[in-house]
Structure formats: structure tokens, C-alpha cells
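One structure is given below, encoded as C-alpha cells.
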Amino acid sequence: MIRIRMKCFGRKKQKTYRIVIMYSKTRRDGKVIEEVGFFNPITQETRLNLSRIKERLAQGAQPTNTVKNLLRKSQVI
């Protein structure tokens with residue numbers, strides 16, 4: 001199963017996240033299929049590639065709960 005989830009990166013106590021497409025069995029920071037966005041929880045900055053996300057959702061990719069909330073805020077879902 002393919003999931004849309006967050007991949008952690010950044011410095012200690014200043015984490016930022018990439019929103020990526022990856023297989024559900026892959027580790028959190030493992031190999032990704034595609035990178036489709038960025039989220040910074042400190043500044044609440046969100047950048048999403050909406051066309052690719054919509055395409056992947058149509059193909060059957062399942063977002064995690066956190067990503068689903070971000071997509072609701074950006075009015076994708």
C-alpha cells in the first residue's frame with residue numbers, strides 16, 4: 001500500500017517535514033517514491049504540490065492522519 005506521509009529532517013528541536021509518497025512498510029526516513037510537499041511546524045509554512053497529490057489520491061494512495069489534516073486545511077480533501 002502506498003501512503004502519503006511525513007519524512008522528518010532538520011536540526012535538533014527545529015524539525016521540519018517533507019510530505020512524501022512511500023510504501024507503508026518503509027521506515028520513516030527511508031526511500032521515497034516522490035516528494036510532494038513541505039511543512040514547517042514552527043512557522044506553520046506549508047508548500048504542497050496539489051496536482052501530484054490529487055493524482056496520487058486518485059490512484060489509491062492513503063494519507064496519514066496528520067497529512068490528512070494538512071490537506072483539509074489547504075482544501076484538497
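Read-outs: derived from the displayed coordinates by stated rules, not from any lab. Because the structure is a prediction, the values reported are computed rather than measured. Cβ sites come from the backbone with ideal geometry, for glycine too, and all protein chains shown count toward neighbours.
If I stretch the segment between F38 and S24 completely, what's the gain in nm (0.36 nm per residue apart, minus their alpha carbon distance), one decimal?
Length gained, F38 through S24: 3.1 nm.
In the stretch 1-40, what trypsin sites (Lys or Arg not before Pro) fall in a loop by DSSP, with at most 15 other Cβ atoms inside 10 Å?
For trypsin sites (Lys or Arg not before Pro) across the stretch 1-40 that sit outside H, G, I, E and B with at most 15 neighbouring Cβ atoms in 10 Å, the list reads K12, K13, K25, R27, R28, K31.
Filter the chymotrypsin sites (Phe, Trp or Tyr not before Pro) in the chain to those in DSSP coil with at most 12 other Cβ atoms within 10 Å of their Cβ, and list the result.
Here no loop site has a sparse enough neighbourhood.
Please say if the stretch 2-73 is rounded, prolate or oblate, where rounded means a/c under 1.5 for a ≥ b ≥ c the square roots of the C-alpha gyration tensor eigenvalues, and otherwise the choice is prolate for a/b larger than b/c and oblate otherwise?
In terms of gyration-tensor shape, oblate.
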